[in-house]
Amino acid sequence: MEKFGNCEILDSVCNISTVEDGRGGIFTWCLPDKIIEVNLIYYHPNKVRGNHYHPEFNEYWMLVSGAGLKVTLDPVTKKPINRHISEGTCIRIPKNTSHAFHPITEAKAISMLTKYWDDCDDPIIHENLVSMDEDYINYAKKKGFKHSAEELVKKEKNNK
């Protein structure tokens, strides 16, 4: 397991015989919490989803297709940090941990919760980890990038 802010990147295991038999492979993530709700989420490129935290449950989030940036807060500096995420990445997001996802491509994820959403008094508290205001959108269009803020940063560095 690797730490990413207060989040944990979970490792999978694979019984090699599920690959050697020629039919593909079975990869397993063992979750320490009891999961009671599962959600399928669809993402479009450059359409941020998240910018929130959950005060009443832990969330396990697995990207099953696509790629993008997962954003959370550094626990020491309290500033946003990001990490490239691609399919097969599974993250444990503890309650009260801010997070967002900025997709680079079309993407799908599975979100698994340790408490039923509808049983929560306050399932979600919104924040602004990733700015998507009108100025940002217009600037991105003017610069000609199509997918992610990382692409914009690279362009700016190359222009210096």
Summed residue charge, Cβ within 13 Å of PHE57's Cβ, Lys/Arg positive, Asp/Glu negative: -4
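Taking the highest mean first, how do the peptides 11-17, 63-69, 111-117 order by number of other beta carbon atoms within 10 angstrom per residue?
63-69, 111-117, 11-17
At a temperature of 10 °C and a viscosity of 1.306 mPa s, determine how fast the range 2-130 diffuses translationally according to Stokes-Einstein, using the Kirkwood radius over alpha-carbon pairs as Rh; express D in µm²/s, rounded to the nearest whole number.
Approximately 103 µm²/s, per Stokes-Einstein.
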Going by how many other Cβ atoms sit within 10 Å of their own, how do THR89, THR28, THR72, THR18 line up, fewest first? THR28, THR18, THR89, THR72
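Laboratory data are not the source of any read-out in this text; all were calculated from the coordinates shown. Note that the structure is a prediction, hence the values are computed from the model and not measured. Quick reminder, even Gly has a Cβ in these numbers, built from the backbone with ideal geometry, and neighbours come from all protein chains shown.
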